[in-house]
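What follows is a single structure, written as structure tokens, with notes after it.
The values are calculated or read from the model by the stated rules, or taken from the named source; none is laboratory data. Here the structure is a predicted model, which is why all the values come from computation and not from measurement. Because the Cβ atoms are built from the backbone with ideal geometry, glycine has one as well, and the counts that use them run over all protein chains shown. Note: areas computed on protein heavy atoms with side chains; ligands, DNA, RNA excluded. Shrake-Rupley method; radii C 1.70, N 1.55, O 1.52, S 1.80 Å.
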Amino acid sequence: RPFLATASRVIAITANGDGNNAAPTPNLLSYLAWHGIKAEALVVEAKAVSEGAALLDETRRRKADLLVMGAYTHSRVRQMVFGGVTRHILAHAELPLLMAH
């Protein structure tokens, strides 16, 4: 939270790769607001690229200084077959990352 509290702008981004109407969780926005952090919600479409690529594209487009995200993994077999957002972000990010598991 300290990084977010001093930020000039906070955007909660959800990458929608499966065609559903994804939206950032209202719980996240409420939690941040409760702590005095104003955040806006944004959904980016990831149909042509992976969700990880869509998130990184959006951070570049917005000239973000920091990407804060949760990080988790699936089973090793699933990761080998499908890859993953966390793995993609770690391999391709060009900005500082703050991750929590």
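Is it the case, given these coordinates, that Arg1 is in contact with a His (Cβ under 7 Å, 6 or more places away or on another chain), of a type outside the set (Ser, Thr, Tyr) and modelled with pLDDT under 90?
yes
Looking only at residues in the range 4-28 that are over 23 Å from Val49 (Cβ atoms), modelled with pLDDT of 90 or more and open to solvent by less than 90 Å² (accessible area, probe 1.4 Å), the one that is nearest to the chain's Cα centre (by Cα) is Val10.
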